[in-house]
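The values are calculated or read from the model by the stated rules, or taken from the named source; none is laboratory data. Nothing here was measured: the structure is a model prediction, and the numbers come from that model. Here the Cβ is made from the backbone with ideal geometry for all residues, glycine too, and neighbour counts use every protein chain on show.
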Amino acid sequence: PQPSALTSEQLIERLMEAEPPGIYLMKDMKKPLTEAKVMMSLTNLADKELVHMITWAKKIPGFVELGLLDQVHLLECCWLEVQMVGLIWRSVDHPGKLIFSPDLSLSREEGSCVQGFVEIFDMLLAATSRVRELKLQREEYVCLKAMILLNSNMCLSSSESSSKLLRLLDAVTDALVSAIGKTVLTFRQQYTRLAHLLMLLSHIRHVSNKGMDHLHCMKMKNMVPLYDLLLEMLDAHIMHSS
Amino acid sequence: HTKLLQLLTTKPE
């Protein structure tokens, strides 16, 4: 069904059902941690997560009705942001740690063995603290993640595709507003909360850009084996940004 | 974007 035919409750339900499963690394990282071992594990996880992310995107009501190249473009633009918001969500109950997967969590100190990671770790930990303060609800989280995908690029192939995308974004915005409306807040507190949640997204975009540059550097230094899909997604970013 | 296209166009089981 078209997203406009769904009520906000139904849309949220569909977004909840689209949530990807927890992805396990299935390999114990032997101590001491080294730059190569950490990068290897994180890129392996990112590659596995990408496959699930595509399945997730296809389950977002209306996404597959966009042109195929627009779907490609949106996913290429937002994949690291989507992975980062997932990481933040998983880490919210574990102050000082980032939960990359159920079997891989790293503290700031552990992350620091990778050159250039501390800055990115600190930004992710700060964003996680903010999400903790805001007591983000699961319903709000799924809406924000869908928004990241749908808002990742404004340049679509046709004006028809762009207007479809805008209608989709409107439906997700309505769903987010209705999720916020479920909380015991005054109207003023509700729109302040909406603003706070949306402001998180610009931080996530910023960290994602930093992370993308970092991954690109690591690739240039041959520090990581990059898997097919991950490599494709990284190259697309380098191409779009240059 | 061969792999991405391939994953986007496969029908879910």
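General remarks:
- Contact annotation: residue pairs with Cβ atoms under 8 Å, 6 or more positions apart or on different chains, pairing a residue in the range A:181-206 that is under 30 Å from A:His237 (Cβ atoms) with a partner that is not small (Gly, Ala, Ser) and not in a helix (DSSP H, G or I), are A:Leu197/A:Leu136; A:Leu201/A:Asn151.
- Scanning the range A:219-242 for residues that are more than 27 Å from B:Gln6 (Cα to Cα) and touching a residue at least 24 places away in the same chain (Cβ under 8 Å) yields a single hit, A:Met223.
- Candidate set from the range A:55-69 (those that are out of contact with any Pro (no Cβ under 7 Å at 6 or more places or on another chain) and surrounded by 20 or more Cβ atoms within 10 Å (Cβ to Cβ)); member that is farthest from the other protein chains (Cβ to nearest Cβ): A:Ile60
- Hits in the range A:232-242 - residues which are within 15 Å of A:Val72 (Cβ to Cβ), in contact with a helix residue (DSSP H, G or I) (Cβ under 8 Å, 6 or more places away or on another chain) and modelled with pLDDT of 80 or more: A:Glu232, A:Met233, A:Leu234, A:Ala236, A:His237
- Within the option set A:Glu49, A:Glu13, A:Glu76, being at pLDDT 95 or above, away from chain B (no Cβ under 14 Å) and in a helix (DSSP H, G or I) holds for one residue only, A:Glu13.
- If the condition is being closer than 24 Å to A:Val114 by Cα, assigned to a helix (DSSP H, G or I) and of a type in the set (A, V, I, L, M, F, W, C), then the range A:179-235 contributes A:Ile204, A:Val207, A:Met212, A:Leu215, A:Cys217, A:Met218, A:Met220, A:Leu229, A:Leu230, A:Leu231, A:Met233, A:Leu234.
- Checked against the criterion of being out of contact with any Pro (no Cβ under 6 Å at 6 or more places or on another chain) and modelled with pLDDT under 95, the candidates A:Val184, A:Val177 yield just one match: A:Val184.
- Output for the range A:125-177, where each listed residue is surrounded by fewer than 19 Cβ atoms within 10 Å (Cβ to Cβ), assigned to a helix (DSSP H, G or I) and basic (Lys, Arg): A:Arg130, A:Arg132, A:Arg138, A:Arg167
- For the range A:1-52, residues that are within 13 Å of A:Ala175 (Cβ to Cβ), crowded, with 16+ Cβ neighbours inside 10 Å and more than 15 Å from the chain's Cα centre (by Cα) total 6.
- One residue stands out in the range A:217-242 among those that are acidic (Asp, Glu) and surrounded by fewer than 17 Cβ atoms within 10 Å (Cβ to Cβ): the one that is nearest to A:Met40 (Cα to Cα), namely A:Asp228.
- For A:Leu194, the conditions (1) within 26 Å of A:Leu125 (Cα to Cα); (2) within 14 Å of chain B (Cβ to nearest Cβ) are fulfilled apart from (2).
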